[in-house]
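> Take this structure first; my questions come after.
Please treat every number below as a calculation from the coordinates, not as lab data. Since this is a predicted model, take the numbers as computed values, not measurements. Reconstructed Cβ throughout: ideal geometry from the backbone, glycine too, with neighbour counts over all protein chains shown.
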Amino acid sequence: MSFATTYPWGMPNSVFDELSKCRLCAERFAATKTKHEPRPVFRGDPSARILIAGQAPGARVHQSGLPFTDPSGDRLRDWMDVTEAEFYDTARIAILPMAFCFPGYNEKGADLPPPPICVRTWRARVMAAFPNIRLTLVIGQYAQKWHLPQFNNVTDTVRGWKAQGTDVFPLPHPSWRNTAWLKKNPWFETDLLPELRRRIQKELR
């Protein structure tokens, strides 16, 4: 049996094994409308050179157990200009959301924010397991607040992407709800994405 089958997140690792069994939020999730069980979703081997720092799995990802198996993932892969095989290659790309389980819905039907307890408990420990990261995609406000100390708001942070150097790219969330944002900010596709794709191809090679 291959490691990819035995360990859905990639290679065996004691921190990953502990995280995969986490039930810190079991009572919290049981109190939501969906009344779902914890299911941490993440991927990556310590050899990975690209990190995708997202927010939290959505309901579809909770069901599939695989990150970005939804329209947001389709858009993100298009932004990155990578195939599904490349995107899910744990030896090269790590996918680590700020909260590892689907947090449930609020009263309006939108996803709840990542529970802070997840970040406090796991973020630093899990990040330490990836010593070879050379390029980080920081998606959405919750990831940007943690990874970018100078975070102001998503628009200003993404607009100032050049100030981060060539190793960190702040991105808006690829949700289709942000289609209007993309239309209002055409520089994202004309200026940022070509450089992002160039850096990704460099690391994939």
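> Taking N as the number of residues in the stretch 98-175, what is its Cα Rg relative to 2.2 N^0.38 Å? Could the numbers behind the result be given before it?
Details: Rg = 13.6 Å, N = 78, 2.2 N^0.38 = 11.5 Å.
Rounded to two decimals, the normalised Rg is 1.18.
> Which label belongs to the value computed from this structure, given these candidates for Cα Rg over 2.2 N^0.38 Å: (1) 1.31; (2) 0.98; (3) 1.08?
Only one option fits the structure, namely (2).
> Then there is this: Taking amide H positions as placed 1.01 Å from N in the peptide plane, with prolines and chain starts having none, which residues 5 or more places from GLY104, or on another chain, fall under 5 Å of its amide H?
LEU112
> For the stretch 168-177, what does the Karplus curve 6.51 cos²θ - 1.76 cosθ + 1.60, with θ = phi - 60°, yield as ³J(HN,Hα) per residue in whole Hz, taken in order and with x for Gly and Pro?
9, 10, x, 10, x, 5, x, 4, 5, 5
> With an 8 Å cut-off on Cα pairs and a minimum separation of 6 or more residues, tell me the relative contact order of the chain in percent. Mind showing how you got there, number by number?
Values: 320 pairs, mean separation 46.9, N = 205.
With pairs under 8 Å counted, the relative contact order is 23 percent.
> Rounded to the nearest 0.05, what FRET efficiency do ALA124 and THR166 give with R0 = 35 Å and r taken as the Cβ-Cβ distance? Could you check? Display every interim value, and only then the final one.
Values: r = 24 Å, r/R0 = 0.70.
The calculated FRET efficiency here is 0.90.
> Per residue of the chain, what 222 nm ellipticity follows from adding -39500 (n - 2.57) for every DSSP H run with n ≥ 4, rounded to the nearest 500? Mind showing how you got there, number by number?
Details: 11 runs with 72 residues, N = 205.
Roughly -8500 deg cm²/dmol at 222 nm, from the helical runs in the chain.
> Taking the beta-carbon count within 10 Å as an exposure proxy, list ILE52, ILE117 from fewest neighbours to most.
Details: ILE52 24, ILE117 12.
The most exposed by this proxy come first: ILE117, ILE52.
> Ordered by residue, what ³J(HN,Hα) values in Hz, to whole numbers, does the stretch 42-58 give under the Karplus form 6.51 cos²θ - 1.76 cosθ + 1.60, where θ = phi - 60° and Gly and Pro are x?
So the J values, rounded to whole Hz, are 6, 8, x, 9, x, 7, 4, 10, 10, 10, 9, 9, x, 9, 6, x, x.
> Using DSSP to call loops (not H, G, I, E or B), can you name the GluC sites (Glu not before Pro) in the stretch 61-148 whose Cβ has at most 12 other Cβ atoms within 10 angstrom? Write out the running numbers ahead of the final one.
Working: sites: GLU84, GLU86, GLU107; in loops: GLU107.
Hits after loop and neighbour filter: GLU107.
> Turning to a different aspect of this structure: Just to check I understand the Karplus step: with θ = phi - 60° and J = 6.51 cos²θ - 1.76 cosθ + 1.60, what whole-Hz values come out for the stretch 80-94, glycine and proline as x?
7, 6, 10, 7, 4, 4, 5, 4, 9, 7, 5, 5, 10, 10, 9
> Count the DSSP beta bridges whose two residues both fall in the stretch 1-148, then state the antiparallel fraction as a percent rounded to the nearest 5.
20 percent
> Right, something else. Distance cut-off 21 Å, Cα to Cα: go down the list LYS35/LYS108; LYS35/LYS145; LYS162/LYS202 and report the pairs above it.
Numbers: LYS35/LYS108 16 Å; LYS35/LYS145 28 Å; LYS162/LYS202 18 Å.
Cα-Cα > 21 Å for LYS35/LYS145; rest within.
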